[in-house]
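Asks: First the structure, which I've put down as structure tokens, then a few questions once you've had a look.
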Amino acid sequence: MSSDYELDSDEEYYDDEEMIDGTQDDASEDEMDMDDYNDDFRVDTGSKKKAYEIDYQSLTQSDVEKLMKQDIDHVVGITGVDESTAALLLRHSNWNKERLIEKYMDNLTTVVVEAGVTAPEPTSSPPSARTHSVSSACLPRGGSSSKPSSTASHSHPPPPSFQASSKSEEPEPFVCPICFDDSAELHPLSLDCGHLSCSGCWAAYITSKIRDEGEHAIRCMAEGCALVAPDPFIRNVLLPPEGSTSPPLDPKELKANQAAWNRFQELLARNFVASISSLKFCPYPGCTRTVKCPTAASKSSLTTIVPTVSCGSRGIPVSEDPKSQPSASLLKKEHKFCFGCTVESDHRPVVCGVAKMWLKKCEDDSETANWIKSNTKECSQCQSTIEKNGGCNHMTCKKCKHEFCWVCMGPWSEHGTQWYSCNRYDEKAGVDARDVQSQSRASLERYLHYYNRWANHEQSAKLSVDLYAKTEKKMEDMQLTSELTWIEVQFMKKAVEEAEKCRMTLKWTYAMAYYLAPGNEKELFEDNQRDLEKAVEDLSELLESSIEAEEIATLRQRVTDKTVYVQKRNDIVLDDTAKGFLEGRWRWNALLKALKRMLRLKRWPSGF
Amino acid sequence: MSNPCKRRLIRDFKRLSSDPPGGISGSPCPDNIMLWNAVIFGPADTPFEDGTFKLVLTFDESYPNKPPTVKFLSRMFHPNVYANGELCLDILQNRWSPTYDVAAILTSIQSLLHDPNPNSPANAEAAQLYRENMKEYVRRVKATVEESWLDPGDSMDVDASNAGSGSSDRNV
């Protein structure tokens with residue numbers, strides 16, 4: 001069976017090396033990374049899509065902005081409002097286009113007032129929210145320069161939004177109600193509400209809102225005014241266009257404003273992504289990409305698929321603090337994450353719910369369970385856990401006062417005076433007592449069986465960081481001791497990566513097997529698991545072995561063959577499990593009933 | 001950024017001196033305009049009547065984009081004032097607007113005295129008494145009113161006619 005793989009996969013493997021070569025030349029190119037990711041699968045799957053592969057799309061921020069634009073254009077087309085108004089309306093309604101349009105058609109005024117697009121009708125009394133702020137009662141008293149009087153003194157109506165009111169027409173000089181500056185240089189601005197203040201104060205206010213509070217809906221500065229600044233206004237304030245009348249910014253200010261504007265764009269994109277269930281932000285630090293995965297958008301879909309996705313980027317930003325320098329492998333790590341949960345980045349083949357439940361069980365049980373198993377027995381009557389820390393074998397349960405023999409667990413009454421020989425082993429009572437106990441012990445042992453293997457693979461995957469460093473050293477050695485070039489020794493790196501990937505799969509297969517009901521399906525699953533495990537162990541052994549100069553060619557051949565074989569085995573496990581979920585083939589044991597209750601899902605795999 | 005902030009504080013002070021709202025007074029420290037002392041007189045016809053409650057306001061460069069830190073120096077018995085004198089007032093937190101000035105802050109606090117919000121209590125006992133035992137609440141408040149006249153180290157002239165004249169500086 002393995003010869004099949006070796007024959008045709010060898011060639012494919014060389015293709016893969018060329019791919020690595022390509023990425024090295026152009027590592028910063030995001031598109032290349034995406035190809036790289038897909039190529040990994042293509043190595044042994046060909047063009048046929050595997051059941052465990054999920055359709056998703058990696059989006060950059062500008063892609064997300066394009067999606068936003070589409071929605072905005074859609075609303076503009078239907079309602080006829082301008083673009084920035086449509087953006088405010090959509091943000092206010094959490095990007096639910098349908099509901100917004102419905103509400104808009106239903107009650108236009110309410111929607112635009114709620115979204116902060118227009119001020120409420122002036123005839124209505126000012127909103128006097130009954131809070132302890134005494135909002136309107138404590139307005140700045142009517143000083144000569146205070147805001148209301150300065151607006152009232154305008155002979156003309158409030159200037160249209162983000163249009164500078166021409167200062168020369170003012171009957172009296174403009175005094176900014178925020179900074180109380182009255183110099184002729186000032187550039188008063190206001191939203192539609194006409195609450196004027198100078199451009200400098202606007203800029204300071206907007207920057208502080210964006211930078212310190214991460215706010216994307218920036219309200220008018222005036223107390224009690226609910227108007228939200230539209231995007232073009234914010235842009236004009238932060239980055240005044242060429243030829244505007246506002247005073248020029250010095251380079252430092254301009255840089256800070258540009259940063260604030262960029263951050264504002266990011267906040268808008270984040271707000272959009274958070275509102276749409278088929279979009280998720282890449283959770284890796286410093287990453288601004290988004291993944292679109294419509295198949296995993298609903299909660300119920302997570303019972304049949306494991307949406308492991310990758311945004312396509314690699315690495316995390318290098319921090320300036322040398323102490324918190326991430327390890328080399330972390331720097332190159334692919335941005336892989338689960339679209340459905342935050343449990344672990346890649347918990348294939350098990351679905352999110354099972355993975356979560358398994359982890360919870362491990363958290364609750366693992367540490368203490370080991371100790372309990374090796375140090376205690378249960379009372380044969382009340383099943384209390386008892387630790388024998390001295391004395392004779394005549395035990396009396398503290399809780400139920402049951403007297404029993406520690407050695408045979410039978411009732412003490414039958415022991416008479418000859419307890420030490422404990423010749424009662426075959427007595428029925430003793431057997432019964434051991435039955436109950438052995439049942440609970442067996443369940444614990446069963447759990448520990450899976451847990452230990454699960455934890456072992458996790459540990460091994462963690463150790464792969466060391467292995468990686470060792471491998472790099474080995475690769476250098478190989479370049480020195482043989483004719484092989486850098487590219488040709490990449491097979492070691494590839495093998496380590498593959499081994500780590502397979503260990504993650506193996507780890508989660510144990511969580512899966514723990515919950516599977518016994519039967520043919522489980523046996524097949526465990527056969528696949530065993531084959532993969534055996535292959536991975538063989539590969540790991542090869543990687544750990546020492547390198548002799550004359551054997552490099554053989555080693556290279558063996559490692560390459562093994563890597564491809566392991567890849568294939570991993571693929572089989574993932575593919576078969578994923579298919580099982582889709583077909584509802586997996587039958588679960590009683591332990592998972594709690595999960596079923598918890599999720600209350602209709603589409604949970606049958607046999608559940 | 002220091003200029004707009006200081007310029008604004010000078011204007012706040014000018015306005016507070018030239019057009020003082022009733023029952024409040026405040027002024028910056030002679031050597032530090034970012035630190036203000038203020039007095040709020042308990043509003044008439046309330047349990048706080050005749051009280052002279054001292055506060056300190058700490059501004060930083062982000063004023064008026066961010067509110068100052070306000071703290072009572074006098075011991076208070078009020079549902080929205082913490083034991084350390086800090087107070088729970090929405091306009092000093094999330095409802096802050098850069099248009100508020102010192103006069104507006106002090107007037108707000110003054111009206112908060114008589115109009116507490118027992119639903120977000122900073123002092124649970126005061127809030128409970130305010131809701132359930134008004135008589136006892138008034139008694140406890142009156143005790144703090146009398147205490148406010150005797151604040152240790154208090155050298156301020158609390159004569160109402162002096163309010164807003166800017167002469168009530170206190171060195172901190």
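Asks: Taking the stated definitions as given, is A:Cys201 within 14 Å of chain B (Cβ to nearest Cβ), buried (at least 18 other Cβ atoms within 10 Å of the Cβ) and part of a loop (DSSP other than H, G, I, E, B)?
Replies: Working: within 14 Å of chain B (Cβ to nearest Cβ): yes; buried (at least 18 other Cβ atoms within 10 Å of the Cβ): yes; part of a loop (DSSP other than H, G, I, E, B): no.
It is false that A:Cys201 is within 14 Å of chain B (Cβ to nearest Cβ), buried (at least 18 other Cβ atoms within 10 Å of the Cβ) and part of a loop (DSSP other than H, G, I, E, B).
Asks: Looking only at the range B:1-29, filter to residues that are part of a loop (DSSP other than H, G, I, E, B) and more than 8 Å from chain A (Cβ to nearest Cβ); which one of those is surrounded by the fewest Cβ atoms within 10 Å (Cβ to Cβ)? Step through it out loud before you land on a result.
Replies: Here is the first cut: in the range B:1-29, the ones part of a loop (DSSP other than H, G, I, E, B) are B:1, B:19-23.
From the residues that got through so far, the ones that are more than 8 Å from chain A (Cβ to nearest Cβ) too are B:20, B:22-23.
Values: B:Pro20: 18, B:Gly22: 13, B:Gly23: 19.
It comes out as B:Gly22.
Asks: May I ask you to verify whether A:Ser190 is hydroxyl-bearing (Ser, Thr, Tyr) and within 11 Å of chain B (Cβ to nearest Cβ)? Can you show your working first?
Replies: Numbers: hydroxyl-bearing (Ser, Thr, Tyr): yes; within 11 Å of chain B (Cβ to nearest Cβ): no.
Judged against the criteria, A:Ser190 is not a match.
Asks: Taking into account only those residues within the range A:191-213 that are among the polar types (S, T, N, Q) and over 20 Å from B:Ala104 (Cβ atoms), which is modelled with the highest pLDDT? Walk me through how you get there before you give the answer.
Replies: Of all residues in the range A:191-213, those among the polar types (S, T, N, Q) come to A:197, A:199, A:207-208.
Next, from what is left, pick out any that are over 20 Å from B:Ala104 (Cβ atoms): A:199, A:207.
Values: A:Ser199: 86, A:Thr207: 90.
Here the residue is A:Thr207.
Asks: Quick one: which residue in B:Gly153, B:Gly164 is at pLDDT below 85, closer than 23 Å to B:Ser27 by Cβ and within 14 Å of chain A (Cβ to nearest Cβ)?
Replies: On the way: B:Gly153 fails: within 14 Å of chain A (Cβ to nearest Cβ).
Sole residue among the options that is at pLDDT below 85, closer than 23 Å to B:Ser27 by Cβ and within 14 Å of chain A (Cβ to nearest Cβ): B:Gly164.
Asks: Can you find even one residue in the range A:214-225 that is within 12 Å of chain B (Cβ to nearest Cβ), open to solvent by 30 Å² or more (accessible area, probe 1.4 Å), under 43 Å from the mean Cα position of the chain (by Cα) and modelled with pLDDT of 85 or more?
Replies: yes
Asks: I need every pair where a residue in the range A:273-302 that is over 18 Å from A:Lys336 (Cβ atoms) has its Cβ under 7 Å from the Cβ of a residue that is of a type in the set (A, V, I, L, M, F, W, C) and part of a loop (DSSP other than H, G, I, E, B), sequence separation at least 6 or different chains.
Replies: Final answer for the pair search is A:Ser275/A:Trp95; A:Ile276/A:Trp95; A:Ser277/A:Ala297; A:Ser278/A:Cys293; A:Ser278/A:Ala297; A:Ser300/A:Leu601.
Asks: For the structure I just gave you, tell me whether A:Ile210 is part of a helix (DSSP H, G or I) and either in contact with a helix residue (DSSP H, G or I) (Cβ under 8 Å, 6 or more places away or on another chain) or within 14 Å of chain B (Cβ to nearest Cβ) (or both). Please lay out each step first, then the result.
Replies: On the way: part of a helix (DSSP H, G or I): yes; either in contact with a helix residue (DSSP H, G or I) (Cβ under 8 Å, 6 or more places away or on another chain) or within 14 Å of chain B (Cβ to nearest Cβ) (or both): yes.
Criteria met by A:Ile210.
Asks: Okay, moving on. Sort through A:Ser58, A:Ser84 and tell me the only one that's farther than 26 Å from A:Phe339 by Cα and touching a residue at least 24 places away in the same chain (Cβ under 8 Å). Quick ask: steps written out before the conclusion?
Replies: Values: A:Ser58 fails: farther than 26 Å from A:Phe339 by Cα.
Result: A:Ser84 is the single residue among A:Ser58, A:Ser84 that is farther than 26 Å from A:Phe339 by Cα and touching a residue at least 24 places away in the same chain (Cβ under 8 Å).
Asks: Given the conditions (1) open to solvent by 70 Å² or more (accessible area, probe 1.4 Å); (2) in contact (Cβ under 8 Å) with a residue 12 or more places away in the chain, which single one is not true for A:Ala269?
Replies: Every listed condition holds for A:Ala269 apart from (1).
Asks: Then there's this: Please specify each residue of the range A:71-98 satisfying the condition of being farther than 27 Å from A:Met221 by Cα, modelled with pLDDT of 90 or more and charged (D, E, K, R).
Replies: A:Asp71, A:Asp73
Asks: Confirm whether A:Lys534 is in contact (Cβ under 8 Å) with a residue 24 or more places away in the chain and basic (Lys, Arg). Working first, answer last.
Replies: Numbers: in contact (Cβ under 8 Å) with a residue 24 or more places away in the chain: no; basic (Lys, Arg): yes.
When the stated conditions are applied, A:Lys534 does not pass them.
Asks: Same structure, new question: Only one of (1) crowded, with 20+ Cβ neighbours inside 10 Å; (2) at pLDDT below 90; (3) part of a helix (DSSP H, G or I) is not met by A:Glu541, so which one is it?
Replies: Among (1) crowded, with 20+ Cβ neighbours inside 10 Å; (2) at pLDDT below 90; (3) part of a helix (DSSP H, G or I), the lone unmet condition for A:Glu541 is (1).
Asks: Taking the conditions exactly as written (within 14 Å of chain A (Cβ to nearest Cβ) and either modelled with pLDDT under 60 or surrounded by 12 or more Cβ atoms within 10 Å (Cβ to Cβ) (or both)), does B:Tyr137 satisfy them or not? Even if it seems obvious, please write down each step before you answer.
Replies: Working: within 14 Å of chain A (Cβ to nearest Cβ): no; either modelled with pLDDT under 60 or surrounded by 12 or more Cβ atoms within 10 Å (Cβ to Cβ) (or both): yes.
For B:Tyr137, the condition - within 14 Å of chain A (Cβ to nearest Cβ) and either modelled with pLDDT under 60 or surrounded by 12 or more Cβ atoms within 10 Å (Cβ to Cβ) (or both) - is not met.
The values are calculated or read from the model by the stated rules, or taken from the named source; none is laboratory data. Please read these numbers as outputs of a predicted model, since none were measured by experiment. Cβ coordinates were reconstructed from backbone atoms using ideal geometry, including for glycine residues, and neighbour counts include every protein chain displayed. To get the accessible areas, we keep the full protein, side chains included, count just its heavy atoms, and leave off ligands, DNA and RNA. Shrake-Rupley method; radii C 1.70, N 1.55, O 1.52, S 1.80 Å.
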